[in-house]
Amino acid sequence: MRSRPRAPTTTPRSPTSSAGSTRTDGEEFVREDPSRSGAVASRAREAPETLVQEAVAVAADVQRAWRATPVAERCAVLRGAADAIRERVLDMAAVVTLETGKPRVESIAEVEEAVDLIETYCRQIEEHDGFEVPLGTLSPSEANQSVLRPFGVFGVVGPFNFPVALVTGMSAGALVAGNTIVLKPSEHAPWSGALVADAFAAGGLPPGAVNVVHGGPATGAALAASAIDGIVFTGSAEVGRALSRRFQGGAFARPAITEMGGKNPAIVTAEADLDAAAEGIVTSAYGFSGQKCSACSRAIVVDAVHDDLVERMRARIADLAVGDPADADVFTGPVIDERAVERFDAAVAEARRDGTIVAGGGRPSRDGLYAEPTLVTGLPAGHRLTREELFVPFVTVTRVASLDEALAEANAIDYGLTAGIFSRDEEEVDRFLDEIEAGVVYVNRRAGATTGAWPGIQSFCGWKSSGSTGKGGLGPYYVQQFMREQSRTVVSE
């Protein structure tokens with residue numbers, strides 16, 4: 001039997017002068033459970049522009065005191081939030097599954113990742129002494145140091161696909177650096193985002209340090225247009241690039257830390273372990289129905305092993321269980337919304353016209369927004385389906401003659417997030433590592449050809465259209481992006 005949490009009525013946590021107040025401004029909207037047509041997962045209210053501005057003003061009022069809080073105390077408070085999440089892992093995971101359709105096992109791992117993200121960023125700033133670095137002197141009477149200081153108020157715009165882990169990570173990075181935040185969770189996962197804010201409050205963050213405004217694109221646009229000092233965003237390349245342009249314009253540039261998805265390749269050479277390659281690609285491609293920024297959506301395979309690999313992948317896909325994400329034996333559940341279904345159907349139609357569908361291509365005959373894991377071969381070179389991010393369970397296989405052609409094909413896109421290779425030839429691996437245009441790369445990773453980064457273990461940094469800063473979450477350079485340098489020279493009398 002599946003056990004589902006009761007859907008609440010969630011509202012924006014946008015405090016006014018009354019600490020921790022909950023507001024009911026704006027029209028109510030409903031998030032439906034993608035695994036069951038018509039079933040309500042959660043409700044929230046669309047924050048109007050005036051409420052967004054109010055939340056930013058409250059965050060600005062609190063920020064001076066929060067940035068003056070010693071680093072050790074900030075970290076203690078954030079670790080208190082991590083403890084609050086740790087105590088509610090199963091409950092929070094159930095909400096993630098309910099709102100997004102993510103399989104329960106993956107939802108549990110996501111909530112556990114949120115805890116590790118907080119711990120990772122706290123250690124990062126502690127190990128660097130709050131990013132205060134003594135400098136040299138020209139005189140015995142002067143003392144010089146470089147200090148990284150917070151910008152002020154950050155807007156945090158969260159994605160639907162990791163509504164607890166990424167929302168927690170982006171928020172914790174800003175907060176541990178001394179900023180305050182206004183958080184807009186995805187409209188597909190408002191309850192998940194509200195639970196993250198609850199955890200920060202339970203950890204002891206001062207009222208007004210974390211503010212939540214719910215809503216869709218209009219709320220996000222109002223936040224971007226407000227008086228925030230920077231923004232951190234995970235989502236589409238189109239929106240991320242627009243945010244980067246906005247925040248780099250004006251009288252002075254403000255930080256826009258954006259992670260914008262990918263069209264992630266796995267190269268398989270004639271020297272590969274084909275069982276490992278098939279397992280790694282299928283796992284990365286179809287987990288959470290391909291709705292991860294790091295999902296493998298392209299296999300680029302040298303001709304000598306192409307047919308063998310495709311057959312091994314087809315056999316593995318046939319064993320994947322698609323269904324209710326709360327069921328323990330299900331590998332993947334539904335896609336997120338009707339637009340995703342439309343993208344899937346359009347891709348399948350193009351694949352039937354221009355290539356060969358080896359596996360999948362249909363919609364399971366069950367209630368909900370389900371799509372079959374689909375594998376396509378034989379598309380013409382440069383075909384749209386091998387270039388554009390679809391965010392559905394759909395993988396293309398491109399046949400190439402050599403590693404030269406494989407690398408050229410892998411790099412022939414605007415994105416550069418993750419990439420993998422399967423080869424037992426050291427020279428091939430070395431060349432891949434040198435020439436691949438991606439920020440997160442994996443070699444012979446059976447557990448996931450292009451997915452599976454973890455805080456403190458892998459950085460998650462996008463190149464090209466996949467990121468804006470050249471530095472990634474989960475890694476050692478993340479927190480510094482929420483700060484700016486100040487050089488201080490003090491001369492003693």
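The values are calculated or read from the model by the stated rules, or taken from the named source; none is laboratory data. This one's a predicted model, so the numbers in the text were calculated from it and none came from an experiment. Glycine also receives a Cβ, built like all others from the backbone with ideal geometry; neighbour counts cover every protein chain displayed. SASA here: full protein model, heavy atoms, side chains in, ligands and nucleic acids out. Shrake-Rupley method; radii C 1.70, N 1.55, O 1.52, S 1.80 Å.
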Exercise. Within the range 405-435, how many residues turn out to be open to solvent by 10 Å² or more (accessible area, probe 1.4 Å) and assigned to a loop (DSSP other than H, G, I, E, B)?
Worked result: 5
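Mind listing just one residue for me: the one in the range 142-158 that is in contact with a helix residue (DSSP H, G or I) (Cβ under 9 Å, 6 or more places away or on another chain) and surrounded by fewer than 24 Cβ atoms within 10 Å (Cβ to Cβ) and, of those, nearest to ALA57 (Cα to Cα)? Walk me through how you get there before you give the answer.
Keep residues of the range 142-158 that are in contact with a helix residue (DSSP H, G or I) (Cβ under 9 Å, 6 or more places away or on another chain), which gives 146-158.
With surrounded by fewer than 24 Cβ atoms within 10 Å (Cβ to Cβ) added as a condition, the list becomes 146-152.
Numbers: SER146: 29, VAL147: 26, LEU148: 23, ARG149: 20, PRO150: 17, PHE151: 15, GLY152: 11 Å.
Of everything passing the filter in the range 142-158, GLY152 is nearest to ALA57 (Cα to Cα).
Conditions (1) open to solvent by less than 70 Å² (accessible area, probe 1.4 Å); (2) on the phi > 0 side of the Ramachandran plot; (3) modelled with pLDDT of 95 or more, marked per residue:
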residue	(1), (2), (3)
ARG4	yes, no, no
THR24	no, no, no
SER37	no, no, no
GLU46	yes, no, yes
GLU54	yes, no, yes
LEU78	yes, no, yes
For this session: Only residues that are open to solvent by 20 Å² or more (accessible area, probe 1.4 Å) and either in contact (Cβ under 8 Å) with a residue 24 or more places away in the chain or more than 20 Å from the chain's Cα centre (by Cα) (or both): list them for the range 90-111, please.
Result: LEU90, ASP91, ARG104, VAL105, GLU106
Problem set entry | Any strands (runs of 3 or more DSSP E) falling wholly within the range 115-181 and containing at least 3 residues that are more than 30 Å from ALA41 (Cβ to Cβ) | 132-134, 142-150
For this session: Those residues that are in contact with a strand residue (DSSP E or B) (Cβ under 7 Å, 6 or more places away or on another chain) and not small (Gly, Ala, Ser), I need them from the range 150-166; list them, please.
Result: PRO150, PHE151, VAL153, PHE154, VAL156, VAL157, PRO159, LEU166
Exercise. If the Cβ limit is 9 Å and pairs must be 6+ apart or interchain, which residue in the range 179-192 that is over 19 Å from TYR121 (Cβ atoms) pairs with which residue that is crowded, with 24+ Cβ neighbours inside 10 Å and among the acidic types (Asp, Glu)?
Worked result: SER186/GLU99; HIS188/GLU99; ALA189/GLU99; PRO190/GLU99; TRP191/GLU99; SER192/GLU99
Exercise. Is it fair to say GLU427 is out of contact with any helix residue (DSSP H, G or I) (no Cβ under 8 Å at 6 or more places or on another chain) and either aliphatic (A, V, I, L, M) or at pLDDT below 95 (or both)?
Worked result: no
Seminar exercise, completed: Given (1) within 13 Å of ILE300 (Cβ to Cβ); (2) modelled with pLDDT under 95, ASP367 misses just (1)
Seminar exercise, completed: A careful count of residues in the range 318-370 that are open to solvent by 20 Å² or more (accessible area, probe 1.4 Å), acidic (Asp, Glu) and in a loop (DSSP other than H, G, I, E, B) gives 5
